[in-house]
Amino acid sequence: MNASDPIATVNAAWKDDAPSWVKRLAEECAKTSQGKVARKLGKSGTYVSQILHKKYPGDMKSAEEIFLGVFENGLIQCPGLGDIPGQKCHEWQKKARRFAATNSERARMFRACRNCARFTGEE
């Protein structure tokens, strides 16, 4: 296996269990680079590497939503904003961990996220 081949990495690590989005992630990395893909996702190269190597300790559903939002225009139904890309949902969830009345949208989204099953983990 070529260590710099993300598709081979996924095949070796995931065997036949790789979800289609992980295969697409590897393809995107092969087209450009792991670093460029990570930047598009708003994540680190380590984040992408751990997913490719099947070693990501975080929430894979969240990782999938972020990938689909960036690379496949995957939308999530947001109670505050309607249909939004997955990465935007995760950005708002991160902001909603602490209240900040910096503007009306931030306050509205704090309340919307706090009442959303995606944020509370009830989904």
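The values are calculated or read from the model by the stated rules, or taken from the named source; none is laboratory data. Not measured: the values here are computed from a predicted model. As a convention, Cβ positions derive from the backbone with ideal geometry for all residues, glycine included, and neighbour counts pool all protein chains shown.
Just a yes or no: is a residue in segment 27-49 among the acidic types (Asp, Glu) and part of a helix (DSSP H, G or I)?
yes
Mind counting the residues in segment 8-61 that are under 16 Å from PHE71 (Cβ atoms) and either aromatic (Phe, Trp, Tyr) or assigned by TED's automatic domain parsing to the domain that holds HIS90 (or both)?
Adding up the residues that qualify gives 2.
Within segment 69-83, identify whether any single residue is assigned to a helix (DSSP H, G or I) and among the polar types (S, T, N, Q), and answer yes or no.
Step one: of segment 69-83, the residues assigned to a helix (DSSP H, G or I) are 69-71.
From the residues that got through so far, the ones that are among the polar types (S, T, N, Q) too are none.
Checking segment 69-83: not a single residue is assigned to a helix (DSSP H, G or I) and among the polar types (S, T, N, Q).
Would you mention how many residues in segment 38-89 are within 27 Å of GLU105 (Cβ to Cβ) and of a type in the set (A, V, I, L, M)?
So the answer is 9.
Is it fair to say GLU91 is touching a helix residue (DSSP H, G or I) at 6+ places or on another chain (Cβ under 6 Å) and not aliphatic (A, V, I, L, M)? Explain how you work it out, then say what you get.
Working: touching a helix residue (DSSP H, G or I) at 6+ places or on another chain (Cβ under 6 Å): no; not aliphatic (A, V, I, L, M): yes.
No: the conditions fail for GLU91.
Considering GLU64, GLU28, which residue is among the charged types (D, E, K, R), at pLDDT 95 or above and on the phi < 0 side of the Ramachandran plot? Step through it out loud before you land on a result.
Numbers: GLU64 fails: at pLDDT 95 or above.
The match here is GLU28.
Are any residues in segment 84-108 in a helix (DSSP H, G or I) and either under 28 Å from TRP21 (Cα atoms) or within 14 Å of the chain's Cα centre (by Cα) (or both), and if so, which ones? First the steps, then the outcome.
Taking segment 84-108 as the starting set, the residues that turn out to be in a helix (DSSP H, G or I) are 86-95, 104-108.
Passing the criteria: GLY86, GLN87, LYS88, CYS89, HIS90, GLU91, TRP92, GLN93, LYS94, LYS95.
Please enumerate the residues belonging to segment 9-22 that are under 24 Å from LYS88 (Cβ atoms) and buried (at least 16 other Cβ atoms within 10 Å of the Cβ).
TRP21, VAL22
Quick check, is ILE51 at pLDDT below 90 and among the β-branched types (Val, Ile, Thr)? Let's see the steps before the verdict.
On the way: at pLDDT below 90: no; among the β-branched types (Val, Ile, Thr): yes.
In short, no.
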